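*Asks:* The structure follows.
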Amino acid sequence: MSRTRLVHLEDLLGRKVVAQDGQAVGRVEEEQAQRHGGDHEATEFLIGGGALLERWSIVRRLFRSHDRTIVARWDQIDISRPRKPRLTCAVEDLAVEHARAR
């Protein structure tokens, strides 16, 4: 029997993510999810300044920010302790997206 733990997004937003060596990677600023029945399941967590601007998309357009967004798949971040999210992989294994000029 599989046990699923419910974690509320508001418990993660703004939390500092640390790598396996304890080094800070950035803060969780956004989440991507897919709907499964009546629930939503996280697929990716967006980390860093670019992710914050993604949430505030109008700000990115106004200031043409080129901040990067670190993308952690659901299986690359341990959120079992929402106040202390931790990577389950090397930082180098994470995807990095750069803002596109608009």
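*Asks:* Can you tell me which residues in region 85-102 are at pLDDT below 95 and of a type outside the set (A, V, I, L, M, F, W, C)?
*Replies:* E97, H98, R100, R102
*Asks:* Search region 82-95 for residues that are over 16 Å from E31 (Cβ atoms) and pair each with any residue that is among the polar types (S, T, N, Q) when their beta-carbon atoms are under 6 Å apart and the residues are at least 6 apart or on different chains.
*Replies:* T88/Q76; C89/Q76
*Asks:* Further question: Could you tell me which residue of region 35-75 is surrounded by the most Cβ atoms within 10 Å (Cβ to Cβ), considering only residues that are under 20 Å from D21 (Cβ atoms) and either at pLDDT below 90 or more than 10 Å from the chain's Cα centre (by Cα) (or both)?
*Replies:* For region 35-75, the residue satisfying everything is G48.
*Asks:* Moving on. Any residue in region 28-40 that's without any contact (Cβ under 8 Å) to a residue 24 or more places away in the chain: show its pairings with residues that are part of a loop (DSSP other than H, G, I, E, B) and loosely packed, with under 13 Cβ neighbours inside 10 Å at Cβ separation under 9 Å, as long as the two are six or more apart or on different chains.
*Replies:* That search, which allows pairs on different chains as well, returns D39/L6.
*Asks:* Let me ask something else. Please specify each residue of region 4-34 satisfying the condition of being surrounded by 15 or more Cβ atoms within 10 Å (Cβ to Cβ) and at positive phi.
*Replies:* G26
The values are calculated or read from the model by the stated rules, or taken from the named source; none is laboratory data. Since we're looking at a predicted model, the values are computed, not measured. Because the Cβ atoms are built from the backbone with ideal geometry, glycine has one as well, and the counts that use them run over all protein chains shown.
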